[in-house]
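The values are calculated or read from the model by the stated rules, or taken from the named source; none is laboratory data. None of the values given here were measured: they were computed from a predicted structure. Cβ placement follows ideal geometry from the backbone for every residue including glycine, while neighbour counts extend to all protein chains displayed.
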Amino acid sequence: MTTLADAPTASTASTANPRRTNLARTTLADVAAATGDVHAWVAAVAALTVPDAVVWCDGSERDELVAGMVASGTLIPLDPELRPGSYLARSDPADVARVESRTFICSADERDAGPTNNWRAPDAMRTELGAVFAGCMRGRTMYVVPFSMGPVGGPISQLGVQVTDSPYVVVSMGVMTRVSPQVSALVEGGAAFVPAVHSVGAPLVGPGGRRADVPWPCNETKYISHFPESREIWSFGSGYGGNALLGKKCFALRIASVMGRDEGWLAEHMLLVRLTSPQGRRHHVAAAFPSACGKTNLAMLRPTLPGWTVETIGDDIAWLRPGPDGELRAINPEAGFFGVAPGTGQDTNPAAIATLQRDTIFTNVALTDDGDVWWEGLTPQPPAHLTDWTGADWTPEAGTPAAHPNSRFTVAAAQCPTIADGWDDPAGVVVDAIVFGGRRATNVPLVAQAESWEHGVFMGATISSERTAAAEGVVGELRRDPFAMMPFCGYDMADHWSHWLRVGAALDPARRPLVFQVNWFRKDDAGRFLWPGFGENSRVLAWVVDQVDRARGLRTDVGAVTSPVGLLPAPGALDTRGLDVDLDALLAVDPGAWALEADLTQEFFATFGDRVPAPLGARLERLRTALDG
Ligand code: OXD
Ligand code: MN
């Protein structure tokens, strides 16, 4: 860590005369203009935000920052025997999740943001942000965090630099991304980087003088703004998760999706796993699911099928790029997991439980009386007494969750017992299959294979879940989440579908991944789940990769039968031995219900106007014809 207390110019670093800094005329345009040189850019951000000091980070600062946060009450150390090297943070109760309503895509042309993003004109947004960022770090330290998304220097990796006034964010970025002297040297040596500016928006020096800090500073007003053309990220007002750890949703999905569009690759909201069959054949599967569909569980799946293993490469985001031989290669650009704690238990996800034994930052979970953590689903019975996520006494009678439903763990991926050998190979892995999943009580079969790449893109474009709570809208109505990218695509969603078609066309047809749709959540008429899920999902993944082997001529038995919605497992091809499930009901395709579904898809596509690629319209017509036939 290098402290450059005198790095900003005298007028910008001074806290003795904060008024003088009001005269600073630095604008967002000045900052943007300086991005070619990291030192000039950092100086421009400092001139705008007016911190007391600027500290350059390379990972070596971690222990000092943690000690400071323990002293200030931001981090509560957990019992060193029960949970070594681990801490609990409690956020402000008004800063507990990503705020999609305050997430903006500021493309030059509104049409490029598309109808599913909040668009703001870049100039207007720069002016608004200029007003909130001016002097917003007064009294605080500004940290400069060069980071790599993906293994340092890898052909699919990218560099970023986040400046932030939150030590919690610095330490979390050190877990979630690669922060090291090597990365700092690359950035300082002139390598291109994505500039990401973050402030909690809580200056400690104002007109009334200096005020005391709080454990979780934040601001009621929040902005998570992206400028796709200049690749900039500006985040204000929140210290939480995807709002503040800017390598994750902001860079690795929203900005990277635009970079991918322009450069011929894909940044996707996908987990990445390696399956090894009893014969020792390895396959890699990338899978997209909307938030809260059990992605972390699937990424760390413990197969119930004898002889199969599943290893973890990534749990949330994959970057996919055509490789030199016409294959699709993928990396997990992240270095850690920022997972939802509630629902994670020994039965549901033993690998996650093992991962979290040590060196973990927990945020908004409950604290046990012996200094350990607890959340709903960790154990079947809650402890008799806890301190809840707000810091209040809690007993099982409280009637409120002890852990916030969006409470999280931040932990290094390398700690996961199921992490795959070579998970961080800079060249990535060859993707054999792509899986799209939604949460559907009706209609969508347990698994279906796309007949072609175009059909696969259609499956991705039509991912949806039934709304389950009145707060989400009309219960039972479909909530669309194409490619599970609705909140994360930095450009027009229908253009994203066109881009998928282009990337597919660039691949060798013999090496192109097969595409599948899955639905773990189908229910019977009595409202009971038809499929047990969790480790049993390995049976579906085994069929998926068996289909890959069949497509490559490695198996000659019949794996699938046709249906109007895609290829379904042939009788006996999906191994359900030992399970009491109604496979006919799980795979049933009701033509009447699907005709209605096709109408809804047409309405949905119409919201994107003429940007929907023609092959998707053709696919919809084909579905209708097949349903009639
Ligand atoms: C996440 C999400 O936090 O998808 O990963 O919402
Ligand atoms: Mn996610």
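Collect the residues in segment 287-306 that are within 15 Å of ligand 1 (Cβ to nearest atom) and more than 12 Å from the chain's Cα centre (by Cα), keeping them in residue-number order.
ALA287, CYS293, GLY294, ASN297, LEU298, ALA299, MET300, listed by residue number.
Residue by residue through segment 241-283, note down the ones that are part of a helix (DSSP H, G or I) and more than 16 Å from ligand 2 (Cβ to nearest atom).
If the condition is that a residue be part of a helix (DSSP H, G or I) and more than 16 Å from ligand 2 (Cβ to nearest atom), then VAL258, MET259, GLY260, ARG261, ASP262, GLU263 are the ones that fit.
Pairs only if they're at least six apart or on different chains, beta carbon under 6 angstrom, first in segment 288-303 and assigned to a loop (DSSP other than H, G, I, E, B), second within 12 Å of ligand 2 (Cβ to nearest atom); list them, first residue then second.
PHE289/LYS295; PHE289/ALA484; PRO290/ASP481; PRO290/ALA484
Please work out if ASP549 is surrounded by fewer than 13 Cβ atoms within 10 Å (Cβ to Cβ), in contact (Cβ under 8 Å) with a residue 12 or more places away in the chain and not aliphatic (A, V, I, L, M).
Considered against the rule, which asks whether it is surrounded by fewer than 13 Cβ atoms within 10 Å (Cβ to Cβ), in contact (Cβ under 8 Å) with a residue 12 or more places away in the chain and not aliphatic (A, V, I, L, M), ASP549 comes out as no.
How about segment 22-141: which helices (runs of 4 or more DSSP H) wholly inside it have at least 1 residues that are free of Cβ contacts under 8 Å to residues at least 60 places away in the same chain, surrounded by 14 or more Cβ atoms within 10 Å (Cβ to Cβ) and in the same structural domain as ARG261 (by TED's automatic domain parsing)?
Passing ranges, in order: 28-33, 38-49, 110-113.
Take segment 287-304 and flag every residue that is under 17 Å from ASP481 (Cβ atoms), near ligand 2 (Cβ under 10 Å from one of its atoms) and not aliphatic (A, V, I, L, M).
The answer is PHE289, PRO290, SER291, CYS293, LYS295.
Starting from residues that are of a type in the set (A, V, I, L, M, F, W, C) and in contact with a Cys (Cβ under 9 Å, 6 or more places away or on another chain), keep the ones in segment 64-119 and report whichever is nearest to THR141 (Cα to Cα).
Of everything passing the filter in segment 64-119, LEU65 is nearest to THR141 (Cα to Cα).
Just checking: which of the helices (runs of 4 or more DSSP H) contained wholly in segment 537-610 hold 1 or more residues that are touching a strand residue (DSSP E or B) at 6+ places or on another chain (Cβ under 7 Å), under 26 Å from HIS496 (Cβ atoms) and not small (Gly, Ala, Ser)?
Once the helices (runs of 4 or more DSSP H) in segment 537-610 are filtered for at least 1 residues that are touching a strand residue (DSSP E or B) at 6+ places or on another chain (Cβ under 7 Å), under 26 Å from HIS496 (Cβ atoms) and not small (Gly, Ala, Ser), what remains is 537-551, 591-606.
Name the residue, out of THR276, THR221, that is over 23 Å from HIS404 (Cβ atoms), of a type in the set (Ser, Thr, Tyr) and either away from ligand 1 (no atom under 12 Å from the Cβ) or in contact (Cβ under 8 Å) with a residue 60 or more places away in the chain (or both).
Testing whether each residue is over 23 Å from HIS404 (Cβ atoms), of a type in the set (Ser, Thr, Tyr) and either away from ligand 1 (no atom under 12 Å from the Cβ) or in contact (Cβ under 8 Å) with a residue 60 or more places away in the chain (or both) leaves just THR276.
In segment 553-567, is there at least one residue being more than 30 Å from LEU301 (Cα to Cα), surrounded by 14 or more Cβ atoms within 10 Å (Cβ to Cβ) and touching a residue at least 60 places away in the same chain (Cβ under 8 Å)?
Checked against the condition, which is being more than 30 Å from LEU301 (Cα to Cα), surrounded by 14 or more Cβ atoms within 10 Å (Cβ to Cβ) and touching a residue at least 60 places away in the same chain (Cβ under 8 Å), segment 553-567 yields at least one hit.
Anything in segment 434-460 that is hydrophobic (A, V, I, L, M, F, W, C) and under 20 Å from the mean Cα position of the chain (by Cα)? List them, or say none.
Matches in segment 434-460: ILE434, VAL435, PHE436.
Just to be sure, is ASP508 outside any helix (DSSP H, G or I) and surrounded by fewer than 22 Cβ atoms within 10 Å (Cβ to Cβ)?
In short, yes.
Determine, yes or no, whether GLY609 is of a type in the set (Gly, Ala, Ser) and surrounded by fewer than 12 Cβ atoms within 10 Å (Cβ to Cβ).
Answer is no for this residue.
Restricting attention to segment 465-492, report how many residues are at pLDDT 95 or above and away from ligand 1 (no atom under 16 Å from the Cβ).
Adding up the residues that qualify gives 2.
Could you count how many residues in segment 142-155 are part of a loop (DSSP other than H, G, I, E, B) and surrounded by 21 or more Cβ atoms within 10 Å (Cβ to Cβ)?
So the answer is 1.
On the basis of being within 15 Å of ligand 2 (Cβ to nearest atom) and modelled with pLDDT under 95, does PRO333 make the cut?
Against the criterion (within 15 Å of ligand 2 (Cβ to nearest atom) and modelled with pLDDT under 95), PRO333 does not qualify.
For segment 397-426, give me each residue that is touching a Gly at 6+ places or on another chain (Cβ under 7 Å) and surrounded by fewer than 19 Cβ atoms within 10 Å (Cβ to Cβ).
ALA412, PRO426
May I ask you to list the residues in segment 307-316 that are in contact with a Lys or Arg (Cβ under 7 Å, 6 or more places away or on another chain) and either under 17 Å from MET149 (Cα atoms) or within 16 Å of ligand 1 (Cβ to nearest atom) (or both)?
ILE313, ASP315, ASP316
List the number of the failed condition for LEU186; all other conditions in (1) free of Cβ contacts under 8 Å to residues at least 60 places away in the same chain; (2) assigned to a strand (DSSP E or B) hold.
Answer for LEU186: the failing condition is (2).
Of the numbered conditions (1) out of contact with any helix residue (DSSP H, G or I) (no Cβ under 9 Å at 6 or more places or on another chain); (2) more than 13 Å from ligand 1 (Cβ to nearest atom); (3) touching a residue at least 24 places away in the same chain (Cβ under 8 Å), PRO324 satisfies every one except a single condition; which is it?
The failed condition is (3).
Is segment 441-453 home to any residue that is touching a helix residue (DSSP H, G or I) at 6+ places or on another chain (Cβ under 6 Å), surrounded by fewer than 22 Cβ atoms within 10 Å (Cβ to Cβ) and farther than 20 Å from ALA588 by Cβ?
There is at least one residue in segment 441-453 that is touching a helix residue (DSSP H, G or I) at 6+ places or on another chain (Cβ under 6 Å), surrounded by fewer than 22 Cβ atoms within 10 Å (Cβ to Cβ) and farther than 20 Å from ALA588 by Cβ.
Let's see how each residue does on (1) among the β-branched types (Val, Ile, Thr); (2) assigned by TED's automatic domain parsing to the domain that holds HIS226; (3) touching a residue at least 60 places away in the same chain (Cβ under 8 Å); (4) within 16 Å of PHE521 (Cα to Cα):
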position: MET459; (1), (2), (3), (4): no, no, yes, no
position: ILE463; (1), (2), (3), (4): yes, no, yes, yes
position: ALA469; (1), (2), (3), (4): no, no, no, yes
position: GLU472; (1), (2), (3), (4): no, no, no, no
position: PRO487; (1), (2), (3), (4): no, no, yes, no
position: GLY504; (1), (2), (3), (4): no, no, no, no
